[in-house]
Each structure stands twice: as C-alpha cells, then as structure tokens.
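Novice: Starting off with a structure, shown below.
The values are calculated or read from the model by the stated rules, or taken from the named source; none is laboratory data. Predicted model only: the values in this text are computed from it and were never measured. For neighbour counting, all protein chains shown are included, and Cβ atoms are generated from backbone atoms with ideal geometry for every residue, glycine included. The area values use the complete protein model at the heavy-atom level, side chains included, leaving out ligands, DNA and RNA. Shrake-Rupley method; radii C 1.70, N 1.55, O 1.52, S 1.80 Å.
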Amino acid sequence: MLLENITCLKILIYKSLKILFLIKTMSLRGGGSERVIAMLTSNLAKNYGADVTLATFDGPDDEFFYDIHHKVKVDRLEIG
C-alpha cells in the first residue's frame, strides 16, 4: 500500500513538471548530445507525462536526425 502511494505521488510530481531543453541543433548527423536530448525529452513526456519543451536554433525545414515523441513541444528559434 505504501509503495503504491509513493508511486502515485511520483507520477503527480512528474505531471506538474515543466522542463525546457535547449540545444543548438537537432538536424546534424546525429551526435551523442542530440541522441541524449531526444531520448530524455521523449521519455519524460511519454512515460511520466511531464510538460517538455525542446528549443533548438534549427529552421522550420531542418529535419531532426532522431525522432522526438509527439507529446514534446518543439520550438524552432530559427537563429542558427
């Protein structure tokens, strides 16, 4: 019973989180930083329900090398 309550509390905390990730580009050849950001943002949004935003300097036509979960808000700043 206590473990279930702790798990429910953790889920509530994650759902109230607003997290912003900023990276210069997600459209390069897929380096380590891009992969880690893609995995972190997607995992937090998909599995924990966190409100995740990914800000990048990429333009609207730049394709990301790694897939980002559809629940992640992507903000392309178009300044790179």
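Novice: Name the pairs whose Cβ atoms lie under 8 Å apart, with the first residue in the range 11-28 and over 15 Å from V72 (Cα atoms) and open to solvent by 40 Å² or more (accessible area, probe 1.4 Å), the second modelled with pLDDT under 90 and among the hydroxyl-bearing types (S, T, Y), and 6 or more positions between them or separate chains?
Specialist: Listed by first residue and then by second, the contacts come to I11/Y48.
Novice: Kindly indicate whether any position in the range 41-53 is at pLDDT below 90 and open to solvent by less than 30 Å² (accessible area, probe 1.4 Å).
Specialist: yes
Novice: Among the residues of the range 70-80, what is the count of those that are closer than 10 Å to S42 by Cα and crowded, with 16+ Cβ neighbours inside 10 Å?
Specialist: Number of matching residues: 1.
To keep it simple, each residue is scored yes or no on (1) small (G, A, S); (2) touching a strand residue (DSSP E or B) at 6+ places or on another chain (Cβ under 7 Å).
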{"residue": "L28", "(1), (2)": "no, no"}
{"residue": "G32", "(1), (2)": "yes, no"}
{"residue": "R35", "(1), (2)": "no, no"}
{"residue": "N47", "(1), (2)": "no, no"}
{"residue": "L54", "(1), (2)": "no, yes"}
{"residue": "F57", "(1), (2)": "no, no"}
{"residue": "H69", "(1), (2)": "no, no"}
{"residue": "E78", "(1), (2)": "no, no"}
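Novice: Looking at the range 41-79 only, could you name the residues that are small (G, A, S) and part of a helix (DSSP H, G or I)?
Specialist: S42, A45
Novice: While we're on this one: Just give me the residues in the range 29-40 being within 19 Å of G59 (Cβ to Cβ), of a type in the set (D, E, K, R) and either open to solvent by 70 Å² or more (accessible area, probe 1.4 Å) or not in a helix (DSSP H, G or I) (or both), in sequence order.
Specialist: Answer for the range 29-40, where residues must be within 19 Å of G59 (Cβ to Cβ), of a type in the set (D, E, K, R) and either open to solvent by 70 Å² or more (accessible area, probe 1.4 Å) or not in a helix (DSSP H, G or I) (or both): just R29.
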